[in-house]
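K.L.:
Quick one: structure below, then a few questions.
Please treat every number below as a calculation from the coordinates, not as lab data. On a predicted model such as this, the values are computed, not experimentally measured, just so you know. As a convention, Cβ positions derive from the backbone with ideal geometry for all residues, glycine included, and neighbour counts pool all protein chains shown.
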Amino acid sequence: MAQGSCRRRLAAEFRFYDLRHTGNTLAADTGAKFKDLMVRAGQSSQKAQLIYQHSTLEHQRRLAEDIDAHVRDRRAGGKQSGGDARQA
């Protein structure tokens, strides 16, 4: 596909460069380890990786739910020591 025809189909403010942010954020939301995200994005420093990785409301919601489930499990006498507390 010619570059001109591709450009006409995208919003004027769209930049392919922005996909680095999207890709890193989506990969982080899968639970990937920080070093794996760095390697995947070709980053050599933690600072560079953090520039392209963003927190999302959905991830913060899941994190809060997992913390809540973990605390409830512990208060009920559970022995779960890690992982996804929702699977308890």
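K.L.:
I need the trypsin sites (Lys or Arg not before Pro) found in the stretch 17-63, filtered to DSSP loop residues with at most 15 other beta carbons within 10 Å of theirs.
P.N.:
Values: sites: R20, K33, K35, R40, K47, R61, R62; in loops: K33.
Here the trypsin sites (Lys or Arg not before Pro) that fit, given the DSSP loop and packing criteria, are K33.
K.L.:
Continuing with this model, one more query. Using 1/(1 + (r/R0)^6) with R0 = 22 angstrom and r between the beta carbons of E58 and R20, what's the FRET efficiency to the nearest 0.05?
P.N.:
Step by step, r from the Cβ atoms, then E = 0.65.
K.L.:
Positive end of the dipole of the stretch 24-82, charges at C-beta (+1 Lys, Arg; -1 Asp, Glu), about the Cα centre: which of A76, S55, G31 has its Cα farthest in that direction?
P.N.:
So the residue furthest toward the plus end is A76.
K.L.:
Given points 7 Å out from each Cα along the Cα-Cβ axis, report the K47 to E13 separation in nanometres with one decimal.
P.N.:
Inter-label distance under the simple model: 2.9 nm.
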